[in-house]
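Chemist: Can you read through this structure? Questions will come right after.
The values are calculated or read from the model by the stated rules, or taken from the named source; none is laboratory data. For clarity, every value in this text was computed on a predicted model and none was experimentally measured. As a convention, Cβ positions derive from the backbone with ideal geometry for all residues, glycine included, and neighbour counts pool all protein chains shown. The area values use the complete protein model at the heavy-atom level, side chains included, leaving out ligands, DNA and RNA. Shrake-Rupley method; radii C 1.70, N 1.55, O 1.52, S 1.80 Å.
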Amino acid sequence: MSRLIAARGSGKKFGGAEIVLALSIAVLVVIVAVPVLMILYNAFTVDGKLNIGDVVDIIKEPDTYMALRNSLIIALGVTGLGTFLGVLFSYLVARTDLPFKSLMKLLFIVPFMLPSFIGAIAWKVLLSPRGGYINKMFMDIFNTSRPLFNIYSVAGIIVVETMYLFPFVFMQVSAALERMDPTLEESARISGVPLGTIMRKITFPLIMPSIVAGALLIALYSLAHFGVPAILGTEIGFYNIPTLIYRKIHSSGGSFASIRTGTVLATILIASAALILYLQKLVLKSGRYSIIAGKSMRPMLMKLRRSKYPILLLCFVYIFITVILPTATIMLVGALKTYGLPFELKNMTLRNFKYILNWRMTRQAVSNSLLLSLGAAFVTMLAGTIISYVIVKMKVKGKFLLEFLGVLPFSVPGTVIALGVILTWSGRFGINLYNTTWIIFVAYIARYMAFSIKSNSAALEQVHDSLEEAARSCGATHWQSMKDIVLPLIKPGMVAAFFLILLPALRELTTSVLLYGPRTRTIGVAIYALNEDGETVLACALATFALLIIVFGEIVIRRIISAKEGGPSGG
Amino acid sequence: MAQIVLKNIWKSYGKKDVVKDFSMTIDDGECFTFLGPSGCGKTVILRMIAGFERPDRGEIYIGDRLVASGEKHYSLPPESRDIGVVFQDYAVWPHKTVFQNVAYPLQIKRVHKEELKQRTNTAVAQVGLKNYEKRYPYQLSGGQQQRVALARALVPRPSVLLLDEPLNNLDANLREEMRFEIKILQREYGVTVLYVTHDQDVALAISDRILVFDKNGSIRQVGRPEELYENPNDSYIYKFMGVSNFLPADVRDGKAYLKGTGDLISDQALVNNGDMTLASRPSDVILSRENGIVAKVMRVAYLGSNFDYRLSLGAFEVRAQMDTHDALAQRLIFEPGEECRITLNKITWFDAEQAKEEVL
Ligand SMILES: Nc1ncnc2c1ncn2[C@@H]1O[C@H](COP(=O)(O)OP(=O)(O)OP(=O)(O)O)[C@@H](O)[C@H]1O
Ligand SMILES: [Mg+2]
């Protein structure tokens, strides 16, 4: 390491820089590229020969065809509804005189931190057609046998997913509205153009790229989303692509035909994700020029007048329904003596929580999840730092390959990674990790590497080359300048990367549900399996612990990040 | 001891040759300046001397030591070259205090604690930052940061100091003060200084020798400051050394006439007959009411110690500078629109063909 420049200078074909580059590429190829290639290879070949006809046959099967159709319907619905809500709320928060705006802004992002499959369980408890608490209450009061709302439906899935995915649009559009140059609107205002026209003719065209970019993100996630459809759809035989892959892999015990179907479906996911990300890049590129970064001036605010308090109430009701109600439901159900009893004190107990704490299965799941997410976060943070360093700072040929491999996982959904990892690490290349924690570990690294590279690259971009060169000219070796200058400066980025991986990994379900063995359940898998087995109360009790861990983690990360911003390097 | 020798250096980026067959020797203990327009390759050469880039071809020696060779694909890493560098953008480390920044080179050298403290404090005091030791860079002005960078480069007593526009972001007063400071430090330490700038004032003030590049990166002239100022090789150097007036003239038997008119500009044109270009500095344009050729005052700017005039001489513009005291004493203050008469005092002659670019 210490002789990188010297080695580069001495002109050998393979100096230190090239070795680091080669190692980084090798790691990414093995961890990221091989699984993806394995999927494509298995999808398109039979007995080692290209076979497209077979692919068409698989797609024509009613199972697969329906899953494709369902994924598309859900994605469209969620994207439409989520975009509408995201734009509406971001406009209310950024551009009206709504009270408590900063609080609202925070609250609207909370759903993002909550695992959507836990939310789905809560909604199952509240709105399942017969047993759901709200439906039961409704049927009792109105003396009918028709439920108020059946959550086991396409509409139910769309609504629940939307609650957790709309922040994508909300955050993108809020940011755009805040960055937008208010003079554009003001000059129109001064020339007497009415507010409605200004919004239509100036504001919306300017934030359109952000809206589209956010909407595409929703589509990307929804298309490949496992948790909500798995909990609300499976009950009525409704499958989308990820849940069908899950069913095929699980029910068949790994038969070749089912794996093939899985790889074909996965290939479709990869292709649509790639398309969506490509579109997003185009849209963001076109939008960059229209928004000016000057944040100094206060935008003009729309006066809500008499509708101010009704709208405020509406916002609070929304937050109550999407955040507080499901969270409270989970905690209350977790405390019930038996599922189905009314929420009365005499029916409550702490026994379930105690049971969860002592049960070997759940203890193992919690410790698995903690070890896996800490380990994956740590390894990915370090590897991501080195890889980003090569990408951002080193002058070596061939690093574009590294950049490509580094962002590839962004377009590879969790289900696909799991499937690829199964194909790669089940003995095919001499290493069999199947049914061990390691296979989940490898999958997590593949899944989260892109987060780390993104965060670390951003931090490294901030460290100007001359800072390192100054250290070199002061007599520091390459290694010393890394240790004394670069590392301290990018530490906040590394810490951020660590938590950006740790928290999602803790509540992860999509990937591990395809990979777990009898003793390698994660928290997500344990909750999911308990719910599947009808142990709703225990599922909720465990989910309560999970929520506590997540909320605690979010608070810690916020503390750390805001402390960093106040520090000496923040000026 | 620490002479810098550059031998036939070539460097290109992509298809663009930035440095083409550049050779130069910078003497030990000399303050040598690279002066040239933006983008001519000054920084690139400096970076090759520092070891951040390797020449494609050619060799670089610092002292007797070969530090880089394009042909041998060899480049001694920067940390082994015994140099100090001050960067165009200061490159002060934001996570270290002033003291920690300046002490870092000594720390790397494992200088003993007491000595480290004492030498660091001396260096900090030398650049006028006493009492700022505990501050972080974001608590300093641009000029102060630049001084931290200077102290940091000097504190390990390198044999070569490379300065890339180190005074760019300072105000005029501070710039003057700092260039004195650099000069004093250079004499004191006996360090060889390579100074890169496109500001000829600084170059003239501190250099023992100046090298002037043209915009293609070729050497136009090397010499002592007064040499360049008084005996420029060509009109390009003349123009680079300060504000200049260029006028086309028709020379006949020692008399020079403004081209296209009968106005006699000089009767002491001891140059060849024919088309010539004359050059003069604004301070050598003498204004009067009686003597000389007629010019019209276009604009006047009062600059404190002098008046700055823009005059039109037919189709040409002439800048003139007049000392405020003289102007007041001789009642020679003109208003825009007025007519005046001018004589050109110290004229430098250039071949019209060669000076074409500057006149236009
Ligand atoms: N790393 C690089 N890659 C590509 N081109 C470069 C690189 N470094 C310099 N150049 C090119 O080389 C030329 C000379 O650059 P250099 O930085 O030496 O200019 P300079 O004389 O220092 O100018 P300035 O006075 O503006 O600092 C420029 O045209 C620049 O674009
Ligand atoms: Mg430069």
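Chemist: What are the residues in the stretch B:47-60 that are within 11 Å of chain A (Cβ to nearest Cβ), in contact with a helix residue (DSSP H, G or I) (Cβ under 7 Å, 6 or more places away or on another chain) and not basic (Lys, Arg), if any?
Modeler: Residues satisfying the conditions are B:Ala50, B:Gly51, B:Phe52, B:Glu53, B:Pro55.
Chemist: Would the stretch B:257-264 turn up any residue that is closer than 19 Å to B:Asn233 by Cα, crowded, with 17+ Cβ neighbours inside 10 Å and not β-branched (Val, Ile, Thr)?
Modeler: No.
Chemist: Can you work out which of the residues in the stretch B:1-30 that are open to solvent by 30 Å² or more (accessible area, probe 1.4 Å) and within 16 Å of ligand 2 (Cβ to nearest atom) is farthest from B:Gly217 (Cα to Cα)?
Modeler: B:Tyr13
Chemist: What's the number of the only condition in (1) touching a residue at least 12 places away in the same chain (Cβ under 8 Å); (2) aliphatic (A, V, I, L, M); (3) surrounded by fewer than 24 Cβ atoms within 10 Å (Cβ to Cβ); (4) within 23 Å of A:Val442 (Cα to Cα) that A:Ile557 fails to meet?
Modeler: (4)
Chemist: Please count how many residues of the stretch A:352-362 are surrounded by 13 or more Cβ atoms within 10 Å (Cβ to Cβ) and either among the charged types (D, E, K, R) or in a helix (DSSP H, G or I) (or both). Please lay out each step first, then the result.
Modeler: Of the stretch A:352-362, the ones surrounded by 13 or more Cβ atoms within 10 Å (Cβ to Cβ) are A:352-353, A:355-357, A:359, A:361-362.
Keeping just the survivors that are either among the charged types (D, E, K, R) or in a helix (DSSP H, G or I) (or both) gives A:352-353, A:355-357, A:361-362.
Of the residues in the stretch A:352-362, 7 are surrounded by 13 or more Cβ atoms within 10 Å (Cβ to Cβ) and either among the charged types (D, E, K, R) or in a helix (DSSP H, G or I) (or both).
Chemist: Another question, then. Which residues, taken from the stretch B:61-74, are farther than 18 Å from A:Cys474 by Cβ and within 12 Å of chain A (Cβ to nearest Cβ)?
Modeler: Answer for the stretch B:61-74, where residues must be farther than 18 Å from A:Cys474 by Cβ and within 12 Å of chain A (Cβ to nearest Cβ): B:Ala68, B:Ser69, B:Gly70, B:Glu71, B:Lys72, B:His73, B:Tyr74.
Chemist: Looking at (1) closer than 30 Å to B:Thr277 by Cβ; (2) open to solvent by 10 Å² or more (accessible area, probe 1.4 Å); (3) within 16 Å of ligand 2 (Cβ to nearest atom), which is the only condition B:Val212 fails?
Modeler: Every condition holds for B:Val212 apart from (2).
Chemist: Shifting gears a bit: Can you confirm whether B:Gly128 is within 16 Å of ligand 2 (Cβ to nearest atom) and surrounded by fewer than 23 Cβ atoms within 10 Å (Cβ to Cβ)?
Modeler: no
Chemist: Could you say whether any residue in the stretch A:231-250 is open to solvent by less than 10 Å² (accessible area, probe 1.4 Å) and not in a helix (DSSP H, G or I)?
Modeler: yes
Chemist: Tell me which of these B:Gln146 doesn't satisfy, since it passes every other one: (1) within 14 Å of another protein chain (Cβ to nearest Cβ); (2) out of contact with any Phe, Trp or Tyr (no Cβ under 7 Å at 6 or more places or on another chain); (3) more than 18 Å from B:Ala2 (Cβ to Cβ).
Modeler: (2)
Chemist: Is it the case that the stretch B:204-216 has a residue that's in a strand (DSSP E or B) and more than 16 Å from ligand 1 (Cβ to nearest atom)?
Modeler: There is at least one residue in the stretch B:204-216 that is in a strand (DSSP E or B) and more than 16 Å from ligand 1 (Cβ to nearest atom).
Chemist: May I ask you to list the residues in the stretch B:168-203 that are outside any helix (DSSP H, G or I), within 13 Å of ligand 1 (Cβ to nearest atom) and open to solvent by less than 10 Å² (accessible area, probe 1.4 Å)?
Modeler: B:Leu194, B:Tyr195, B:Val196, B:Thr197
Chemist: Here's something else I'd like to know. If I filter the stretch B:261-269 for residues that are outside any loop (DSSP other than H, G, I, E, B) and charged (D, E, K, R), do I get at least one hit?
Modeler: Scanning the stretch B:261-269, I find no residue that is outside any loop (DSSP other than H, G, I, E, B) and charged (D, E, K, R), so the answer is no.
Chemist: Let me ask something additional. Can you name the residue in the stretch B:145-172 that is away from ligand 2 (no atom under 16 Å from the Cβ) and within 17 Å of the chain's Cα centre (by Cα) and is also modelled with the highest pLDDT among such residues?
Modeler: Step one: of the stretch B:145-172, the residues away from ligand 2 (no atom under 16 Å from the Cβ) are B:145, B:147-148, B:150-161, B:170-172.
This time we only want the ones that are within 17 Å of the chain's Cα centre (by Cα), so: B:161, B:170-172.
Working: B:Leu161: 92, B:Leu170: 72, B:Asp171: 76, B:Ala172: 78.
Within the stretch B:145-172, the match that is modelled with the highest pLDDT is B:Leu161.
Chemist: Could I ask something else about it? Of (1) surrounded by fewer than 20 Cβ atoms within 10 Å (Cβ to Cβ); (2) at pLDDT below 90, A:Ala497 satisfies all except one. Which?
Modeler: (1)
Chemist: When the stretch B:35-66 is examined, which residues are found to be more than 15 Å from ligand 1 (Cβ to nearest atom) and open to solvent by 60 Å² or more (accessible area, probe 1.4 Å)?
Modeler: Scanning the stretch B:35-66 gives B:Arg57, B:Asp64, B:Arg65.
Chemist: Something else: Being among the hydroxyl-bearing types (Ser, Thr, Tyr), within 14 Å of chain A (Cβ to nearest Cβ) and within 16 Å of ligand 2 (Cβ to nearest atom) narrows it down to one of B:Thr33, B:Thr43, so name that one.
Modeler: That would be B:Thr43, the only listed residue that is among the hydroxyl-bearing types (Ser, Thr, Tyr), within 14 Å of chain A (Cβ to nearest Cβ) and within 16 Å of ligand 2 (Cβ to nearest atom).
Chemist: Among the listed residues A:Val407, A:Val421, which satisfies the condition of being open to solvent by 30 Å² or more (accessible area, probe 1.4 Å) and closer than 26 Å to A:Tyr221 by Cα? So that I can check it myself, show each step before the final result.
Modeler: On the way: A:Val421 fails: open to solvent by 30 Å² or more (accessible area, probe 1.4 Å).
Within the list A:Val407, A:Val421, the selection yields A:Val407.
Chemist: Kindly check whether there is at least one residue in the stretch B:20-34 that is more than 24 Å from B:Asp208 (Cα to Cα) and within 13 Å of ligand 1 (Cβ to nearest atom).
Modeler: The answer is yes, given that some residue of the stretch B:20-34 is more than 24 Å from B:Asp208 (Cα to Cα) and within 13 Å of ligand 1 (Cβ to nearest atom).
Chemist: Moving to a separate point now. Can you name the residue in the stretch B:77-124 that is within 16 Å of ligand 2 (Cβ to nearest atom) and within 20 Å of B:Ala2 (Cα to Cα) and is also farthest from the chain's Cα centre (by Cα) among such residues?
Modeler: B:Val85
Chemist: Something else: Filter the stretch B:75-123 for residues that are surrounded by 18 or more Cβ atoms within 10 Å (Cβ to Cβ), more than 10 Å from chain A (Cβ to nearest Cβ) and farther than 13 Å from B:Pro156 by Cα and give the result.
Modeler: Of everything in the stretch B:75-123, those that are surrounded by 18 or more Cβ atoms within 10 Å (Cβ to Cβ), more than 10 Å from chain A (Cβ to nearest Cβ) and farther than 13 Å from B:Pro156 by Cα turn out to be B:Val98, B:Phe99.
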